[in-house]
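See structure below.
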Amino acid sequence: MFVIQYFIPHYPFNRMSHWFSDWFAIILACAIVLGALNLMKISIQKVIKKKPGWGYAVVIIASFLLITIIGLSEGEGFREPGTWFDWLYVYVYTPCSSTMFAILGFFVASASYRAFRARNFEATLLLLAAFFVMIGRVPVGDIISGFMPEGARLSNLASWIMTFPQTAGQRAIMIGIALGIVSTSLRVILGIERAHLAGE
Amino acid sequence: MEHFALWLGGFLTLGIFSFLYKDNPWYKLTEAIYVGISAGYFVVVYFWDNFYSKFWVGVFPHKRLNEAGELVAGVEPDYWLIIGGVLGLLMLMRLLPKVGWISRWPLAFIVGATAGLWLINYFASFVMVQIQNTVTPLFGADYNASLFVIVGNIVVAVGTFTGLIYFFFSKEHKGAFGSAARVGIFFLMITFGASFGYTVMSRMSLLIGRIDFLFGDWLGMIR
Amino acid sequence: MKYYPSTSARFTAGFGCFLLALLFSLFSLSVLAQEEPAETDTASLSVTPDSIPLEYYPLPPTNVRVKDAPNDAGGSIDVQWDMSPDDVPEGKVKQYRILRAELIEGQRREFIEIGDATAGATLFTDGNTEDGLDYIYKVVAVNSLTQNNEVVWEAATESMPAGPVRSSAQWFDRQRVNALVGVLLLCVFIIYFITRARAGKELFIRKIAGLEAVEEAVGRATEMGKKIFYIPGISDMDNMQTIAGITILGKVAELAAQHETWLEVPVCRSLVMVTAKEVVKEAHSKVGRPDTFHEDQVHYLTDDQFGYAAAIDGMVVREKPATIFFMGEFFAESLILAETGNASGAIQIAGTAAPAQLPFFIASCDFTLIGEELFVASAYLSREPKLLGSLKGQDMGKAVILVAILIGIILETFDIWSFSTLFSVID
Amino acid sequence: MSTKAKEILALALIFAFSLIFYIGKVLGWGAVRFSTTVSLIVILLVALSLLWILILTIRGHLVERRIVFLYVGIAVALPLFMTLSQRIAISPEVEAVYNTLEGLPEGSKVLVSFDYDPPSAPELQPMAEAFLYYCFEHDLKVIMMGLWPQGPMQANMAIEKVLSDEKIKSKNLKYGEDYVNLGFQAGYEFVIQRMGSDFRSMFPTDYRGTPYEQIPLVKNVKNFSNIDYCFNLSSGFPGTREWVQIAVDRYGVTLGAGNTAVQAPQMYPFMRAGQLVGLLGGMVGAAEFEFLTKWIGKGTKFMISQSFAHVIVIAFIIIGNVAFFRSERKTGLKR
């Protein structure tokens, strides 16, 4: 049906994806209850059985209940500045997620230190490309290569890598993925791939 | 309150950073708070954004009046949404062990509809347009491209071509075909390298932002 | 794997030192090379009289054409015009305004402003029409002066009216025929090879290292008596990568059930949790061990990307699983997960079609499925002829694309025919 | 001293340090700045210590992960105190965004979608500010929205910051006429799809609750055909890819984008294909764009940390490879 919709702009086909998006959103809202209950169940089990680390499970339960009750009781405008929900969001949630995100900076460095070795030709290519892009994208790059003519400076080299070989690789991956998705979709539609419907 | 908020932010930030040293109680505490808060956060957001404003308001619309006291157009209830509500309800049936199997229906619906939707969008944006743009005159439209661009165009063409060959599954990578696939891998590697470089860039920026919070917003050492 | 011939360590070290020194000296240099920001001057404004001289009025736009917007669901009309001769850079036209009047039973109603377009524009799409109603349009060229964001004066000239015109919906989007043909072609290939495979034709599939290693990785966990973690990505069930990941989970769960190894699936989406539970349960009963399935094997953590990553990090560090699978769509958390897993000493097999995350999986995991390989996994692991058939169809699609690229480039390069228009989906 | 005692001591030190500086902040001590000489000495010290690590590595002592972490921390934190600046080279992708903007006549309607949340703000917020600054300075009308719940809040923060600039303040811009924030709408890419046929159905009101048809700036905006330029600030899904797939491929919008650096490489094929007119990639892209628009913000300020961090990462890759070649010579493959 959605395939047809793409080609036929006429009503009711043009409405179909809207309906789907709404239905999907509603299903999601119902499904998250399942997830939350599952988390609670496992945490409560931990506390009751006094498994190692049950104290932290108490914290999970408490913070979950805290934000849920506050959020649901604050009504439709729960997100507006000044509400308690917003406070929790800005001062608890945001620092945590931002820091988790920022911690990647450290991991990226240790991963490059540990794993990026010029083991063979492929790995060397990967390293070289990474090197030129990293150095070429920051101002240092142009200082290093300042003695070279305009066109051969590192920043231009980085741009060239990005625009040409990089694009080619991305494109091959993209087309491959698209074909993979189309074929998987087709298998789902034809009912050949039905692992997700286990039990039928 | 503001002082407390800043200290709380600092406490949580350092708590997560302490994981870098090793797993420790401070991190465990922060992690537990984070998991609880984020799970609750999404429950609340899904409830208001999806369930309430899509389903409830859609089926039982507010009577929104404009300044003159007339009904604003476009508030007729959309009864099609009830189907979504029913599917959602079926999902919740999972809580009852006996009729849990019924939740497969909404799942099948989602997977099927997704399959249909992605099929066509992906084909159009990722296959058609990408081919369209690989197929370019190598020497520029009027044979006037610079050497730089010509080499680039050839590289793009060769790279896309050999890269795709690497993704052939039903043919063994041997002989000329195998070498082409190998060249394809080289291109993939360059792509990954460039990706890697950019990721380092990105992650460092985020780290800078966070350190800026610690020393700037919290401790006031940076202006 | 081929290794570089070992060079003298001394040389490497010396070279390393040199590079480092170079890097830092240049970095220091770079920060010294400062540049003064340029000064910006403030523009002066001239004041104008209240009465507008005639020469301030622009010439009107001409040749106004109206037509129903093509390939849409109705409700819109395209208005096109030729620019006013005064519409030149720094000229007398600041903007165009579009006026519209309804024509009911031959009677023209009042013209109302329905939109504006910037100077230099020649097209406006009126998306507020009612299908079946007649409309008449006019385009107005406007010259004006604003100061402090208040309009000081305004001079406008109207074009001749154009119309009547009606909007209507079309049943078929002709611009998308090519996409339809392409999809159909691919479907035909896939279905053809599926039927051929069903008929018993042997199909070859090349080796994929990551998938060969699945069995070994599960076996290792059994030997060590430790857990296996399976992370199906952080996307929901409306993502094809998640579906592919769940399919592979089925196979891994079967292996784990056979070996009686504890497979744990922490997920971050409720729908995925529901599905994964079913899949794991099914796998257990498939190998005849429904008793070994436990509800808590699959559990939900949080929908939040990094909350999920933080929780998994903790689990990995504390429980030290022998094997970790990452199959599905990943975003930034991939590196946190893979690095922590690597540090804890687990064997890791990853598969994703998210290109940005691939380098890190390649760096931190023992085996990685790249892009399309993820979607092939279910066929590869099950060796079911139907699935292998679809794979062959997919490859045929690729072959067609390769040929198309080759022919296209030749045609385009020698300027024989603009081949690329065949693939155009934008107008 | 046992490890435990050391750890507790370290914790106490961190706490004391924070407390002292926090009190200092409250009392208004002002910022800590390194002069150019001090900065260079610091850089030199870091370089020397890295050389020492290199020598250690050559002798066969591989450093621990935590040492790498420590260096990254130093590389990022110290330059924040330095009073240095760098010359910035403009990449063609950034220039393309700027040129397209420059080509827009006064009064053009620009749609900016804020599809990110606070964690990605370090990269994207400077872009947002510079972009809005340019739009306001050149009398472009800005319509803002968000596909991410926190996007509109980020938009408000950016507006506030830009409006506090003297030059923009003097323009006396009005909400609803010169800029509007339509707020967040749930539904991922379907929002874009629906906007293709009707903006109002997706955004019945702006974020303040004013009905769509009462906002002068947008009351005549039916769908994408009335928008002159679209700009998307994205840090994931839904983001630039969805905008390209739907807004560009289906509705023919002119789209520029600002992305986190991670995402940026995936956008290059779109850019070469003309689906995107230009791209700001990461904080560096932001700094370049700031340079072009002459809005000097955090992107430029952080550039020195960014450069330094890159240098450190490269240094560690070099050290890692030195160790690799060495260990290969001695003991074959060691991982």
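Helical runs assigned H by DSSP (4 residues or longer) give chain B a calculated mean residue ellipticity at 222 nm of -20000 deg cm²/dmol, each run adding -39500 (n - 2.57) before division by the residue total. Other residues whose C-beta falls under 11 angstrom from the C-beta of D:G281 contribute a net charge of -2, scoring Lys and Arg +1 and Asp and Glu -1.
Interface size, chains A and B: roughly 9900 Å² of accessible area buried, both sides included, 1.4 Å probe, rounded to the nearest 100. Cross-link partners of D:K161 among lysines, defined as those whose alpha carbon lies under 23 angstrom from its own and excluding same-chain residues fewer than eight positions apart: D:K25, D:K109, D:K141, D:K169, D:K171, D:K174, D:K294, D:K298, D:K301.
Residues whose amide H comes within less than 5 Å of that of D:T205, counting only those at least five positions distant or on another chain, are D:Y212 (H built at 1.01 Å from N in the peptide plane).
Based on alpha-carbon positions alone, could you give the equivalent ellipsoid semi-axes of the protein assembly as shown from the gyration tensor, as √(5λ), descending, whole Å?
Semi-axes (√(5λ), whole Å): 45, 37, 33.
Positive-end ranking of B:V127, B:P137, B:T191 along the dipole of segment B:70-223, with charges on Cβ about the Cα centre, is headed by B:T191. Backbone amide hydrogens, once placed in the peptide plane, bring D:Q185 within less than 5 Å of D:G146, excluding anything fewer than 5 places away on its chain. Peptides C:82-91, B:170-179, ordered by how many other C-beta atoms sit within 10 Å of their residues on average, highest first, read C:82-91, B:170-179. Across peptide D:280-286, the average count of Cβ atoms from other chains found within 10 Å of a residue's Cβ is 5.
Candidate cross-link partners of B:K171 among the lysines, defined by an alpha-carbon separation under 19 Å and a same-chain spacing of 8 or more, comprise C:K201, C:K207, C:K386, C:K392, C:K398.
Summary of packing: across the peptides C:376-385, D:157-166, D:253-262, C:210-219, the per-residue average of other C-beta atoms within 10 Å ranks them, highest first, as D:253-262, C:376-385, C:210-219, D:157-166. Taking every DSSP beta bridge that has both ends in the protein assembly as shown, the antiparallel portion is near 45%. Counting only residues at least eight positions apart within a chain, or on another chain, the aspartates and glutamates with an alpha carbon under 20 Å from that of B:K22 are B:E31, C:D313, C:E319, C:E333, C:E339, D:E7, D:E64. Each residue of segment C:55-60 was assigned a 3J(HN,Hα) from its phi angle through the Karplus curve 6.51 cos²θ - 1.76 cosθ + 1.60 (θ = phi - 60°); the sequence is 6, 7, 6, x, 6, x Hz, with glycine and proline shown as x. Pull out a ≥ b ≥ c, the square roots of the eigenvalues of the alpha-carbon gyration tensor of chain B, then state rounded if a/c is under 1.5, prolate if not and a/b is larger than b/c, and oblate in the remaining case. Taking the square roots of the gyration eigenvalues as a ≥ b ≥ c, chain B is oblate. The string of couplings for segment A:69-82 from the Karplus curve (6.51, -1.76, 1.60, θ = phi - 60°) is 5, 4, x, 6, 7, 7, x, 4, x, 4, 8, 5, x, x Hz, one whole number per residue in order, with x for Gly and Pro. Of C:D366, B:D49, the residue with the largest accessible area leads and the full order is C:D366, B:D49 (1.4 Å probe).
For segment C:345-395, rounded, prolate or oblate, judged on the Cα gyration tensor with a ≥ b ≥ c (square roots of eigenvalues), a/c < 1.5 rounded, else prolate if a/b > b/c? Note, shape of segment C:345-395 comes out oblate.
With a 10 Å cut-off around each Cβ of D:110-119, the average count of Cβ atoms from other chains is 3.
Restricting the calculation to Cα atoms, segment B:137-223 yields a radius of gyration followed by a Dmax of 21.8, 64 Å.
Using a 10 Å cut-off on Cβ to Cβ distances, tally the other chain neighbours for every residue of A:45-54 and report the average as a whole number.
Per residue, the average neighbour count from other chains is 1.
Of the trypsin sites (Lys or Arg not before Pro) found in segment A:14-113, those that fall in a DSSP loop while having at most 14 other beta-carbon atoms within 10 Å are A:K49, A:K50.
The values are calculated or read from the model by the stated rules, or taken from the named source; none is laboratory data. Model, not experiment: these values are computed from the prediction. Virtual Cβ from ideal backbone geometry, glycine too; neighbours counted across all protein chains shown. Side chains are part of the model used for accessible areas, which takes the heavy atoms of the whole protein and leaves out ligands, DNA and RNA. Shrake-Rupley method; radii C 1.70, N 1.55, O 1.52, S 1.80 Å.
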